[in-house]
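Input: a single structure, listed below in structure tokens.
Here, each number is a calculation from the coordinates, and none is a lab measurement. The structure presented is a predicted model; accordingly, all values stated were derived computationally and were not measured. Cβ: placed from backbone, ideal geometry, glycine included. Neighbour counts: every protein chain shown.
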Amino acid sequence: MSKWMRFWSLQRWGRTFRRIVPLLRSPKVPIGEKLLFAVPALVYWIMPDALPFMPIDDIAVGLILMNWFTDRAERKYGA
């Protein structure tokens, strides 16, 4: 299966949604790592016009950040 097919897979996104809250609550994941997800997401949702060169919907940015954070936290901390 190609990289893009896996990225758009409903199974992958279902797993991401199931894992995001436990990872954000996990004591194994340092607060700095959690902030790497939360701060950019909040800034983009509050000020989407501050980055006019990124014509991406707010939801898409949130989904991409969630996917990146879950992959990174599970790989680094096994949480």
Exercise. All other residues with a Cβ under 14 Å from the Cβ of LYS76 taken together, and with Lys, Arg as +1 and Asp, Glu as -1, what is their net charge?
Worked result: +2
For this session: Count charges around VAL29 for me, please; just the other residues with Cβ under 10 Å from its Cβ, Lys/Arg as +1, Asp/Glu as -1.
Result: +3
